Amino acid sequence: MGIFSRFTDIVNSNINSLLDKAEDPEKMVRLIIQEMEDTLVEVRSVSAKTIANKKDIARQVSKLEESEADWQAKAELAISKDREDLARAALVEKKKSADNASALRDELMLVEEQITKLQSEVLQLQEKLADAKNRQKSIIMRQKTASSRLEVKRKLDSSKVDDAMFRFERYENRIDDLESQVDAYDLGKRTLQDEFKDLESSNKVDDELAALKSKLASKAKPAAKTTKK
């Protein structure tokens with residue numbers, strides 16, 4: 001199973017747990033990043049062990065190759081001394097070393113493939129982790145904004161706002177009534193200022209009346225002169 005498969009299982013398990021408990025999404029984002037960081041540490045540890053295993057296998061292969069060459073030399077020595085029996089035995093040991101070295105080379109190839117895959121997956125995980133950290137603040141801010149908007153929508157759509165506005169208008173009407181009552185107390189009461197205003201108004205009317213009479217009188221005089229002729 002690849003590291004991303006295991007990582008996905010871990011994250012999905014934690015996300016489902018958080019959703020079931022109605023946890024804060026901000027905590028969920030932090031947890032996802034923490035899981036990615038933990039997975040990265042784990043994979044790096046596995047990579048280090050795999051690389052160490054590769055080096056150990058390579059050392060074993062080298063020793064077996066040396067053993068193979070050594071048995072070859074011994075077989076040649078035995079032949080030169082007319083010891084075919086020893087030469088045969090040396091060649092048998094040489095074959096064992098060669099077979100073991102071949103098996104380890106196959107294992108070494110598999111280990112190298114695993115290391116290559118691990119390194120590729122580590123790079124991918126590092127990129128995903130860097131991207132997640134860059135987007136963390138934005139995601140948290142979007143969540144808070146969406147939650148605030150949702151709360152406002154809920155309040156606007158609830159009957160509480162309508163009830164509050166109804167009470168507000170009722171209080172406003174009561175204040176209008178109080179103000180009307182205050183105005184009613186002053187109705188019919190004349191102050192000294194009111195008396196002077198009336199006098200001033202009366203003087204204006206008298207002045208206008210006098211001006212009108214004078215105007216009419218001046219018009220009547222020419223008419224009277226014309227009649228006498």
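Filter region 32-68 down to residues that are surrounded by 12 or more Cβ atoms within 10 Å (Cβ to Cβ) and of a type in the set (G, A, S) and give me whichever is farthest from the chain's Cα centre (by Cα).
Out of the qualifying residues, it is S67.
Please specify each residue of region 44-99 satisfying the condition of being basic (K, R), without any contact (Cβ under 8 Å) to a residue 40 or more places away in the chain and part of a helix (DSSP H, G or I).
K49, K55, R59, K63, K74, R88, K94, K95, K96
Does E195 fit the bill of being out of contact with any strand residue (DSSP E or B) (no Cβ under 6 Å at 6 or more places or on another chain), part of a helix (DSSP H, G or I) and either modelled with pLDDT of 70 or more or under 30 Å from V43 (Cα atoms) (or both)?
No, not satisfied.
Report whether or not L104 is more than 30 Å from S148 (Cβ to Cβ), under 57 Å from the mean Cα position of the chain (by Cα), surrounded by 15 or more Cβ atoms within 10 Å (Cβ to Cβ) and modelled with pLDDT of 90 or more.
Against the criterion (more than 30 Å from S148 (Cβ to Cβ), under 57 Å from the mean Cα position of the chain (by Cα), surrounded by 15 or more Cβ atoms within 10 Å (Cβ to Cβ) and modelled with pLDDT of 90 or more), L104 qualifies.
Quick one: in region 107-142, of everything that is under 26 Å from K55 (Cα atoms) and β-branched (V, I, T), which residue is nearest to the chain's Cα centre (by Cα)?
Restricting to residues being under 26 Å from K55 (Cα atoms) and β-branched (V, I, T), the top hit is V122.
The values are calculated or read from the model by the stated rules, or taken from the named source; none is laboratory data. Keep in mind that what you see is a predicted model, and the values were worked out from it rather than measured. A quick note on method: Cβ atoms are made from the backbone with ideal geometry, for glycine too, and the neighbour counts reach across all protein chains shown.
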